[in-house]
1. For B:Thr97 and A:His206, what is the calculated FRET efficiency with R₀ set at 35 Å and r taken between the beta-carbons, to the nearest 0.05?
2. Put the label 7 Å from Cα along Cα→Cβ for A:Met99; what are its distances to the other copies, in nanometres, shortest first?
3. Can you give the FRET efficiency for A:Thr249 and A:Ile141, using 1/(1 + (r/R0)^6), R0 = 22 Å, r = Cβ-Cβ distance, to the nearest 0.05?
4. Suppose you put the label 7 Å out from Cα in the Cβ direction; list, shortest first and in nm with one decimal, how far A:Ser142 is from each other copy's label.
5. Using Cα centres only, tell me the gap between the stretch B:52-90 and the stretch A:133-148 in whole Å.
6. Taking neighbour Cβ counts within 10 Å as the exposure measure, how do A:Arg85, B:Arg241, B:Arg204 sort from fewest upward?
7. Which of the aspartates and glutamates could be linked to B:Lys84 by a straight reach, that is with a Cα gap under 13 Å, when you skip same-chain ones fewer than 8 residues away?
8. Counting other beta carbons within 10 Å of each residue's own, what order do B:Glu257, B:Glu137 fall into, fewest first?
2 protein chains.
Amino acid sequence: MIVASNWRLSYGALERICYKHRSSWETLIPMNKISLPNNGSSLHEIVREEISRRIAAGVYKPGDAITSTAQLVAEFGVSSTTVKRALRDLRCAGLLTSMPGKGTFVKHRCRFIQELDVCMSSSLDNARWLDFQTKIELVSISRERVSNSTLSIFDPQDKVLVCIRKVIYADEVPIMYDSSFLPVNISDEIIDEFSECFIIDALRRHNVDVKDISLIIDSAPASREAQQVFQAPNGYPTLRRLYKSNNSTLSVFGVVESPFDRLACRIGFVSSQFSKIDKKK
Amino acid sequence: MIVASNWRLSYGALERICYKHRSSWETLIPMNKISLPNNGSSLHEIVREEISRRIAAGVYKPGDAITSTAQLVAEFGVSSTTVKRALRDLRCAGLLTSMPGKGTFVKHRCRFIQELDVCMSSSLDNARWLDFQTKIELVSISRERVSNSTLSIFDPQDKVLVCIRKVIYADEVPIMYDSSFLPVNISDEIIDEFSECFIIDALRRHNVDVKDISLIIDSAPASREAQQVFQAPNGYPTLRRLYKSNNSTLSVFGVVESPFDRLACRIGFVSSQFSKIDKKK
DNA sequence: GAGTGGTCTAGACCACCCT
DNA sequence: GGGTGGTCTAGACCACTCC
């Protein structure tokens, strides 16, 4: 894994925003039908873009609290509802986090890039090589039917399976939420194994060839569990990797969910990477 | 490309929701401090989940209009603001679309899966093989500096480049928004070429090896342009593919953006594909 | 107790569509 | 003209934090 610091959202080029105090708007705009100064944007969009601009310009710095809602209401001359709508949208864009009773803060930007080269070297061991403090936290082990309809793409056939849910941290930041499903007749040792390490590492120990793994990458609004794990608001975009091992000896499938601003995948096609890994083994 | 029909959001298992008319709440709940029937959820969440449940249950069917906002207000006994908030969240979850003056409609579900095997066979030709009506629509050709900060990962060095933007349709549905950057000294023929076909197809014609292509897959809220192209609301999750050709003869980089509910990527590691391509060459 | 963010209300106005 | 969704207001209440 590689860290991409100073990575920024492509939230759209920031426009120069002009805003006026509400009082002057009320007297000027609706009466005289003058062309609106907001370029067709609504008020909450103007507020949103202005705050977004201030973050980009460094007026509000990562980790700092921004101006409080009440003050923004006074400053922009709009209602509190409008300011709160703008702040909520910026939270969904990954720019802000809010803590009731404390304030609204600019998020730190730090995204991890997971290598997905053809030999699937993206294991926890890999991350350790690059000096990341990685940690795996077991959330639950349960027996259940697959209710996540996304996984129906792997045809789970409505059987009861063992489900292992865990959270993977990098430098104390939660970056992955993994739900893996195993057959119920699996041994306890294998369950323990899957609870403690990356899926890829676990599969390797059982000599599962990477070529037997099917991988689907997609995006989706954060699931309910992911919202809790990552403290993300409803609708927060996530990057998902749906995986399935087609190996006959060990059948596993599942999904890894990551906040869009915490993880990206890189696919390398460089042939030299093959030999590098081979030599180590 | 393969179509995954009947694909569903993993919006979270739908809970059984109980709601009461506002009037009865006011008299019962706040006065007697009875445990709330909403399991700690707020009103807009209850409304959201109930409408979500109805869509999943087929009460509201794809393409149909759901109950109007005014009627929902009466039915749930909440304010219009609350219902509208719930509907907006469901729009961001990809379940609904609204048309002012007409109504709110349940979206059709149909997602395309783009194959990203090691030989990068995901070209427009591939799509044609599978009987999709694919179409490419040129949006613009311009000279500009790279303002999209996501692409700074490819180190564009603040030079003026030729930017070609286009929309790719499958079965009349826009599924990709591509922005590619080429050097300014490139010939008009090559610009025309890139305007008319998939990036991969264009690169192949110039004998660019797939091993020279760097690919990063991530997720992000829809850019301003993507919002327009896909008629997606602000904050709509998208799947992005950032690509760069490292070949010395033809330097290209760019980004393809797709709505999360329209496209997923599959990575195949089947070794037979290796040999197949090798034999062809 | 003052300040914070989160939720909610009961209105209002607008642009739009259909009849 | 009646219905639709989108935006906005000026309040209110709550849980929370910090002093």
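1. Step by step, r from the Cβ atoms, then E = 0.15.
2. Result, one decimal in nm: 4.7.
3. Working: r = 21 Å, r/R0 = 0.97.
Efficiency at R0 = 22 Å is approximately 0.55.
4. Distances to the matching label points in the other copies: 4.9 nm.
5. Value for the Cα centre distance between the two parts: 33 Å.
6. Values: A:Arg85 20, B:Arg241 24, B:Arg204 16.
With the sparsest Cβ surroundings first, the list reads B:Arg204, A:Arg85, B:Arg241.
7. Cross-link targets: B:Glu45.
8. Arranged by neighbour count, lowest to highest, B:Glu257, B:Glu137 become B:Glu137, B:Glu257.
Quick note: the coordinates plus some simple rules give every number you see, no bench work behind them. Please read all numbers here as calculations on a predicted model, not as lab measurements. Heads up, the Cβs are rebuilt from the backbone with ideal geometry, glycines too, and the neighbour counts pull from every protein chain shown.
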